[in-house]
Each structure stands twice: as structure tokens, then as C-alpha cells.
Amino acid sequence: MPIPKSRVPSSRLSPRQLPEGRTMQVERLKTGDFEEAMETMATAFEFKSPRDFPMLLPQIYQPTEELMKAIYAIRLDGRIVSAVGVHPRDWQVGDSTLKLAGIGGVCTLHDHRGKGLMKAIMERCLTDMKAEGFHLSWLGGQRQRYQYYGYERCGNVYDFDLRVANLRHSRRATPDIRFEPMGGHYVDRVATARAFHEAKPIHVRRSQEDFVLYLLSGYCEPWFALDSDENVIGYFAQVDGGVREISSQNVEVTLDILHAWANYLEQDIHVVVQPDDVSLARSLGQLAERVSVNATGNWQVFDWQATLRALLEVRRDTQGISEGKLRIQIDETRLDLEVCASGVNCLVGEGPPDLQLTHFDAHRVLFGPTRPGDGAPIPESARILESWAPLPLGFMRGDSV
């Protein structure tokens, strides 16, 4: 997608050549570059020892060819001075597997900023992502900085504040649950936890070997929840009392785990719930003291047809939405969306659209976090969208980069 003229960066960021006359060369790193790349990133982000990127995100920062080639970099005088990571994720959305690119570790050493290095790398990354068939991409960071490259802040995730008093007055029996730190050496237990994760309608596909590493992301602590017979009934990842991810046998067991964890800590807890986890969101909505809905990051959809079909199917299957049809145009892409008794259709459309949106408006209207009409005016001919959206574009902390 061409960058809209209104989002083209200022000339300060535009030069393709450094003042010294040296041409920028963007390369993909190799295993032998690991230590230098980690040092450059830590310096750029002003990390202080012992904090570093392998500790922050152990799943993606390892000295292997596969993981290191995800990092794009520019060298000056033989030294890595700027880098961007494009980390692939197989994102299971209902019956569809979407190819998602997580962008992270975007940095330039302070003395080399303002020379267009990040711009050069980001443009190369966008070219490669489209050529390699990625359906969509996610990144964190400051919103306007990445709008220059077609990203928009959107998506939706629930944040519940669950207080000890809420649980005390809920009349739920205190569950007999024991907690144990999760480690990869518990092979069978990890396999059980992974099965709970994979049962979710939307999830990143994590290997058995890397499952615990995902849960360690963001300095989180992963825990098993065990019943009185020492069986794994669920797992969660938490940091400072905040539960960033939780899965179990069913929603009632999840509520028991949260109850037991709050009792164990003897304090209020904060719970993040993904938009496809409808049963848990409904249950906590009746119990928690507060709830807020927030964006999940900065997103860019490359393949609207595949992405909308997959997310609309999950929305239909998890919440039940009105049947109907909608012809939508997003820049030059025109699609016919249909929800019917037999499922969801999303086909290339012809004829005048019911709703026409810009690239940026489409992300906010379709994915939230607010109602479609809060993102752009919705004409009467497109009112069915108020039942369909926001679509469940969530993203777990463990999958971020």
C-alpha cells in the first residue's frame, strides 16, 4: 500500500544517503551478529544491566539463524547502528491460519538518529512482508511515528480490576488449588497447558519447546494451577499481580484459579482478557470492580479479505451476530461480506459500496476499541456493521515482540 501523502515523513527523515556520501545498506543478520545486535539494542533503549532483550523476550532473542534473520540492520563503519525486527507468528483465527509479522526492537543509536536509517529499514521490511505473503502486522510504540508506514492504533482487549472484596461477596467457595512455577522440564504439564492455550478460538501457535519462553515475555512469571490430585487444571502468566494470560479447562475453573490466586497474594489483581474469550469476559463483567477496553497496539492489514473473513467467523461463532450483507471499500479493495446461517462469506465485490473507508479509518472502524460509529460516520446502508464490529483483534502479551 502506498504511504498516504498526509503521512509522508518530513524531509528530515527522507534522505536515502548519509551526509558523508555513504549509501545505506539494509541487511538481515546472522547468528554471529547476536551479541553485537543485543548490545546495540540495549544501548539504544538505555537498558541497564542485568536488564536486556533476551531477558525481556526470550522466545525471539536467541543466537540461531532462524531467529537472527528476522532482524534487519544497517551498519556504519562496520558497526550495527540501527535495527528492526520482523518476527513471524502463525496466528490461528478459528479455522484459518494467518501469517502475522510482529515488529519489535526498532532502534537507532543516538548519535545516528535523524539520518533516515529507521525509515530505510522500515520500508525494506514492509516490502519484504508483502512479498512474503504476510496477512497483517503488529507493533507497539508511539502511534504517529508508525502511521507514516501505514500502521494504526486499534484492536480491543479487556482489562478487569478484580478486588478481594469482589471475591469475598461473590459467595464462591474457596477453591482447593495449589500453584507451582512453570518450567520446561515438566513436559507433560506443559503439554496440558499448551492444549488449553490451543483450545482458544484465537491464538498464536506455540511449539512445545518454546511454550514456556512465550509466557516469560515481558518479565512475566508463568504458573501451573493444580487440583488436589496434582493435575494441571489451568495455567497463567502474571507480573506484579497482573494476570496477562490465563487458560484452563473451562470458565468456571478459570474463575476458581483467579479466586485462589487473589487469596494466595492477599491482594487485588488485574486480569487481561482477550476479545475472543467471551465467557470469561461476561463472567468477570458480573464480578469485577472495574473494566476498561483498550487498543492492543498498532496494526496494519495487508490482506483484508483473509483477515476480515477469519475474524468475522470467530465473532459469529463466539457471540452470535445479526445475519446480513455489506459491501465495503477500503482504499482500492472492495469486498462483499455476508453473515448467514451456514457461516461467513468474504468475496471480491463489484458495484457501489455500502461503506467506503480510508486505510486508517478502516482499522479503527472494524477493530475498535470503540464502536464503529466512533471511528467514522456509518451510513444507514451499513448499519449491520454495528452488530459485527469491533472484530476480535486481540493480542496476548506473550506473543508480542
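From (1) under 20 Å from Glu386 (Cβ atoms); (2) modelled with pLDDT under 95, pick out the condition that doesn't hold for Leu326.
In the conditions (1) under 20 Å from Glu386 (Cβ atoms); (2) modelled with pLDDT under 95, Leu326 misses (2) alone.
Condition test on Thr108, is it surrounded by fewer than 20 Cβ atoms within 10 Å (Cβ to Cβ) and either out of contact with any Asp or Glu (no Cβ under 8 Å at 6 or more places or on another chain) or at pLDDT 95 or above (or both)?
It is false that Thr108 is surrounded by fewer than 20 Cβ atoms within 10 Å (Cβ to Cβ) and either out of contact with any Asp or Glu (no Cβ under 8 Å at 6 or more places or on another chain) or at pLDDT 95 or above (or both).
Among the residues of the range 1-28, write down those that are of a type in the set (A, V, I, L, M), within 24 Å of Leu136 (Cβ to Cβ) and modelled with pLDDT of 55 or more.
Listed by number, the list holds a single entry, Val26.
Which condition number in (1) out of contact with any helix residue (DSSP H, G or I) (no Cβ under 8 Å at 6 or more places or on another chain); (2) buried (at least 19 other Cβ atoms within 10 Å of the Cβ) is the one that Arg383 fails?
For Arg383, the exception is condition (2).
When the range 205-214 is examined, which residues are found to be surrounded by 20 or more Cβ atoms within 10 Å (Cβ to Cβ) and under 19 Å from Lys99 (Cβ atoms)? Give the derivation first.
At the first step, the residues of the range 205-214 found to be surrounded by 20 or more Cβ atoms within 10 Å (Cβ to Cβ) are 206, 211-212, 214.
Of everything in the range 205-214, those that are surrounded by 20 or more Cβ atoms within 10 Å (Cβ to Cβ) and under 19 Å from Lys99 (Cβ atoms) turn out to be Arg206, Tyr214.
So if I check each of Lys30, Lys48, Lys99, which one is touching a His at 6+ places or on another chain (Cβ under 7 Å) and among the charged types (D, E, K, R)?
Lys99
For residues in the range 165-179 being crowded, with 16+ Cβ neighbours inside 10 Å and of a type in the set (A, V, I, L, M), which is modelled with the lowest pLDDT?
Only one residue fits best here, namely Leu167.
Kindly evaluate Asp354 against the criterion of being modelled with pLDDT of 95 or more and closer than 28 Å to Val204 by Cβ.
Against the criterion (modelled with pLDDT of 95 or more and closer than 28 Å to Val204 by Cβ), Asp354 does not qualify.
Can you name the helices (runs of 4 or more DSSP H) wholly within the range 19-68 that have at least 2 residues being more than 23 Å from Pro222 (Cβ to Cβ)?
The helices (runs of 4 or more DSSP H) meeting that bar are 34-44, 65-68.
Pairs under 9 Å by beta carbon, first residue in contact (Cβ under 8 Å) with a residue 60 or more places away in the chain in the range 54-70, partner among the small types (Gly, Ala, Ser) and in a loop (DSSP other than H, G, I, E, B), six or more apart or different chains?
If the second residue must be among the small types (Gly, Ala, Ser) and in a loop (DSSP other than H, G, I, E, B), the pairs left are Leu57/Ser400; Ile60/Ala70.
Take the conditions closer than 22 Å to Gly241 by Cβ, of a type outside the set (A, V, I, L, M) and touching a residue at least 12 places away in the same chain (Cβ under 8 Å) and apply them to Phe211. Does it pass?
no
Can you pull out the residues in the range 124-140 that are aromatic (Phe, Trp, Tyr) and exposed (fewer than 15 other Cβ atoms within 10 Å of the Cβ)?
None - no residue of the range 124-140 is aromatic (Phe, Trp, Tyr) and exposed (fewer than 15 other Cβ atoms within 10 Å of the Cβ), so the list stays empty.
Restrict the check to the range 130-152 and report whether at least one residue is touching a residue at least 60 places away in the same chain (Cβ under 8 Å), at positive phi, small (Gly, Ala, Ser) and touching a helix residue (DSSP H, G or I) at 6+ places or on another chain (Cβ under 6 Å).
Looking through the range 130-152, none of the residues is touching a residue at least 60 places away in the same chain (Cβ under 8 Å), at positive phi, small (Gly, Ala, Ser) and touching a helix residue (DSSP H, G or I) at 6+ places or on another chain (Cβ under 6 Å).
Out of Val278, Val293, Val271, report the one residue that is closer than 16 Å to Asn156 by Cα, out of contact with any Cys (no Cβ under 9 Å at 6 or more places or on another chain) and buried (at least 23 other Cβ atoms within 10 Å of the Cβ).
That would be Val271, the only listed residue that is closer than 16 Å to Asn156 by Cα, out of contact with any Cys (no Cβ under 9 Å at 6 or more places or on another chain) and buried (at least 23 other Cβ atoms within 10 Å of the Cβ).
Would you say Lys99 is touching a residue at least 24 places away in the same chain (Cβ under 8 Å), not small (Gly, Ala, Ser) and not in a helix (DSSP H, G or I)?
It is true that Lys99 is touching a residue at least 24 places away in the same chain (Cβ under 8 Å), not small (Gly, Ala, Ser) and not in a helix (DSSP H, G or I).
Since Val157 meets every condition but one in (1) in contact with a Pro (Cβ under 8 Å, 6 or more places away or on another chain); (2) closer than 30 Å to Trp388 by Cα; (3) without any contact (Cβ under 8 Å) to a residue 60 or more places away in the chain; (4) not polar (S, T, N, Q), which condition does it not meet?
(3)
Output the residues belonging to the range 217-254 that are buried (at least 22 other Cβ atoms within 10 Å of the Cβ), of a type outside the set (S, T, N, Q) and closer than 16 Å to Val278 by Cα.
Glu245, Ile246
The values are calculated or read from the model by the stated rules, or taken from the named source; none is laboratory data. What you are looking at is a predicted structure, and each value in this text was computed from that prediction instead of being measured. Note: ideal-geometry Cβ built from the backbone for every residue, glycine included; neighbour counts use all protein chains shown.
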